[in-house]
Amino acid sequence: MSHCIKYLLLFIVLTPNMLLAQCFYTNHAFKAGEKIEYNIKYNLGFIWIDAGYVSFEVDSSTFQGKPIYIFTSKGSSYEKYDWIYKVRESFVSKAYQNPLKSISYNRNSIESDYFAIEEYKFIYEKQKVYSKVHNSKKNLTYDTLNLPNCAYDLLTAIYAFRNFDFENLKPDEKIPIIVIIDNKWEQQYLRFIKKENFQSNNKTIPCYHLKASMLEGTIFHAGENTDIWITQSPERIPIYIEAKILVGSVKLFLKKYTQ
């Protein structure tokens, strides 16, 4: 479920007339020390249950003498609901700070009877990505992929898009990015709906409402089945997400944000 949340937070499409203008972002939305936590609710028949959680953290370091960010995300179903769908997942990405460019990505996941291990290293001098992938459907594989312009790993892409200029989007306009997922470069989209006030804990929060196109997989049908609300504040925090999945639906609520 944590990996599905990464998809929920990710908005990707290749639109040539926008791509060049949005190639790698200068960060102004977050800083080292930031932590974001979400509660996940799952629709089981006529009731909603607290199914699990997912967290995101930002740290900083250096790599080859350059400042970098270290992004960490962890997610889990609650043990009492593991009989429905057990999830234990962790993700770690490293990226140059300015502009935001992926360096490496590691994923370790258990989703019910499915497991996945992914490792990617981005080598810009050679325009290559070196990968290591092993999952329930694929034997351990080492591969070399061409590195497209303006391409990200999944976790860095989430942070990169928090720096997108949503303010000047028009209704139905789409947002571009290229991301490596399951050892393939994927191109999808997030569509801007409108500016909209979101009610949370008796507070009115100005947000951007967007709709995401999801990949066909173990969680989702393909298509626009996910709605996302992102705050209009400079931090651009995804505050609420609601998605239809293969069986039922899930909701993602912001639990805690610290900076």
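Placing +1 on the Cβ of every Lys and Arg and -1 on the Cβ of every Asp and Glu, with no other charges, gives the stretch 47-195 a dipole of roughly 320 debye about its Cα centre. Take every Cα pair under 8 Å whose residues are at least 6 apart in sequence, average their separation, divide by the length of the stretch 77-226, and the relative contact order is 12 percent. Separation of the stretch 74-100 from the stretch 134-148 is 20 Å, based on Cα centroids.
The alpha-carbon of Lys137 sits under 20 angstrom from the alpha-carbons of these lysines, leaving out residues fewer than 8 places away in its chain: Lys86, Lys184.
Here the stretch 71-193 carries DSSP beta bridges of which approximately 95% are antiparallel, counting only pairs with both residues inside.
Is there a pair in Lys101/Lys132; Lys94/Lys203; Lys128/Lys255 whose C-alpha atoms are over 30 Å apart, and which pairs would that be? From the list (Lys101/Lys132; Lys94/Lys203; Lys128/Lys255), the Cα-Cα distance tops 30 Å for Lys94/Lys203; Lys128/Lys255.
Counting only DSSP beta bridges with both residues in the stretch 131-195, the antiparallel share comes to about 75 percent.
Throughout, read-outs are computed from the coordinates displayed, never taken from laboratory work. Here the structure is a predicted model, which means the values were calculated and not measured. So basically every Cβ, Gly included, is an ideal-geometry build from the backbone, and we count neighbours across all protein chains shown.
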